[in-house]
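Read through the structure below, which is laid out as structure tokens, and then see the notes.
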Amino acid sequence: MDSLKFPWTGEIVWAVPPPRLAVKVLWHFKWSKCRGVFIVPKWTGQAYWALLQSDFSQYILSSYEFPGGRFILPGKSGNQVFKDFNGVLSVFVIDCSRNL
């Protein structure tokens, strides 16, 4: 199921998108006017990072960083995006439901 085809309005979303979908997920947060947690690698050269620092900065309530190697567990399928990831994970608490 493609969750980006449905509104998340009124939901509290836990989003850990593959990096290639991170920008779409951020815009879906805003379009749906929802709240939630958005977790991505701290890759400052990526488009999603620029959005977090500009257009979405007003919606970020708090942010945290964790070492990825300690917190990523293997999935059942073995087809995981962050299999050998040892970088930093950035966690953002986002509230797009507020009228700013």
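Readers should treat all values here as calculations from the given coordinates under stated rules, not as data from a laboratory. Just so it is clear, the model here is predicted, and its values are computed rather than measured. Counting neighbours? That spans all protein chains shown, and the Cβs are built from the backbone with ideal geometry, glycine included.
Going by neighbour counts of Cβ atoms within 10 Å, the residues 2, 95, 55 line up, fewest first, as 2, 55, 95. Each peptide in 40-47, 29-36 was scored by the mean count of other Cβ atoms within 10 Å over its residues; highest first, the order is 29-36, 40-47.
Remark: spin-label model distance residue 62-residue 31 equals 3.0 nm, labels positioned 7 Å along the Cα→Cβ axis.
For residue 88, the residues whose modelled amide H falls within less than 5 Å of its own, excluding neighbours fewer than 5 places apart on the same chain, are 42, 68.
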